[in-house]
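Starting off with a structure, shown below.
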Amino acid sequence: MPSLLQSCERHFGSSDLYTVLGVRKTAGEAEIRRGYHKTSLKVHPDRVAEEEKEEATVKFQVLGKVYSVLSDKEQRALYDEQGIVDEESDTICQDRNWEEYWRLLFKKITVEDIKAYEEKYKGSEEERADIIQAYMDFEGDMDNIMDSVILAEIDDEPRIKDIIQKAIKKKEVPAYDAFVKESKKKREQRKKRAREEAVEAEAMKKEVGLGDGEDDLKALIQKRQQDRVKEVDSFMAQLEAKYCNNTKKGGKKSASSKRGKK
């Protein structure tokens, strides 16, 4: 039986666990969790065509083991220090149902849940803490900050920047050049991407006559799968990750409000 690192190389093209999850080697718990969620959505057995399920199941199991290693302090320390994984540990050897494990980590939620949480979250101390943490994690890069903060939309950017600027003024955080010296061109590119995403989402809804209910969201995802097979992995990762309220910090933002824009 191949080792975990060999399986990573075979199925994901890299034996580096951080690369497999698409996160930094300095990633904290929230980023590791977020990376696992986003990557696993691409290969979840429920989200691929029937002929791809066997391969997807294997990849899904490998990802679960990768996450288990990197979310365990002792296992991660061993890997970081020596570049090896303890294949005899309970983390790797236990006969775990990885789909059940995944569903325990990322519970199913509805559009209504997201809207209710949005009302409570925006403007809260929890949101401010998330913004400051994202600013520190990404050293002031607004593209990454906007992608990281839960529920953050392009219209929230001035408010988010104001929170960061006040924290800088109070010397709570350093003044990273990426933030204080961000070019106008980069800001405009970010706004352009946001507008394009909003237009695309609205066009898809109109194409299939959908509303904003939970069943409509499912139908939208299924329609996208049927019509754009080559792009479905990336789309599902971005869309569904935004709808998963997985942690208080570092979770992927929701697309609920963006989908409702015209």
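The values are calculated or read from the model by the stated rules, or taken from the named source; none is laboratory data. These figures come from a predicted structure and were not determined experimentally. Quick reminder, even Gly has a Cβ in these numbers, built from the backbone with ideal geometry, and neighbours come from all protein chains shown. Only protein heavy atoms, including side chains, enter the accessible area calculation; ligands, DNA and RNA are left aside. Shrake-Rupley method; radii C 1.70, N 1.55, O 1.52, S 1.80 Å.
Condition check: among the hydroxyl-bearing types (Ser, Thr, Tyr) and modelled with pLDDT under 75. Does residue 79 satisfy that?
It is false that residue 79 is among the hydroxyl-bearing types (Ser, Thr, Tyr) and modelled with pLDDT under 75.
Right, something else. Against the definition (without any contact (Cβ under 8 Å) to a residue 12 or more places away in the chain and on the phi > 0 side of the Ramachandran plot), how does residue 22 come out, yes or no?
no
Here is a further query. Do we have any residue at all in region 164-173 that's free of Cβ contacts under 8 Å to residues at least 12 places away in the same chain and either acidic (Asp, Glu) or outside any helix (DSSP H, G or I) (or both)?
The answer is yes; a qualifying residue exists.
I'd like the full set of residues that are of a type outside the set (Gly, Ala, Ser) and over 12 Å from residue 190 (Cβ atoms), limited to region 145-154.
149, 150, 151 - these are the residues of region 145-154 that are of a type outside the set (Gly, Ala, Ser) and over 12 Å from residue 190 (Cβ atoms).
In addition: When you scan region 143-157, do you find a residue that is over 25 Å from residue 32 (Cα atoms) and open to solvent by 70 Å² or more (accessible area, probe 1.4 Å), even just one?
Yes; the residues of region 143-157 include at least one that is over 25 Å from residue 32 (Cα atoms) and open to solvent by 70 Å² or more (accessible area, probe 1.4 Å).
Would you confirm whether or not region 181-198 contains a residue that is open to solvent by less than 70 Å² (accessible area, probe 1.4 Å) and assigned to a loop (DSSP other than H, G, I, E, B)?
Within region 181-198, one or more residues are open to solvent by less than 70 Å² (accessible area, probe 1.4 Å) and assigned to a loop (DSSP other than H, G, I, E, B).
Quick test for you: out of 58, 62, 48, 69, pick the one residue that is farther than 20 Å from residue 134 by Cα, without any contact (Cβ under 8 Å) to a residue 40 or more places away in the chain and touching a helix residue (DSSP H, G or I) at 6+ places or on another chain (Cβ under 8 Å).
Of the residues listed, the single one that is farther than 20 Å from residue 134 by Cα, without any contact (Cβ under 8 Å) to a residue 40 or more places away in the chain and touching a helix residue (DSSP H, G or I) at 6+ places or on another chain (Cβ under 8 Å) is 48.
Considering only region 118-135, state which residues are of a type in the set (A, V, I, L, M, F, W, C) and surrounded by fewer than 14 Cβ atoms within 10 Å (Cβ to Cβ).
Answer for region 118-135, where residues must be of a type in the set (A, V, I, L, M, F, W, C) and surrounded by fewer than 14 Cβ atoms within 10 Å (Cβ to Cβ): just 129.
Another one. I need the full set of residues from region 135-163 which are in a helix (DSSP H, G or I) and of a type in the set (Gly, Ala, Ser), in order please.
148
Please give the helices (runs of 4 or more DSSP H) falling wholly within region 1-88 in which 2 or more residues are exposed (fewer than 13 other Cβ atoms within 10 Å of the Cβ).
In region 1-88, the matching helices (runs of 4 or more DSSP H) lie at 73-82.
Shifting gears a bit: If only one of 202, 172, 197, 207 is modelled with pLDDT under 85 and under 28 Å from residue 129 (Cβ atoms), which one is it?
197
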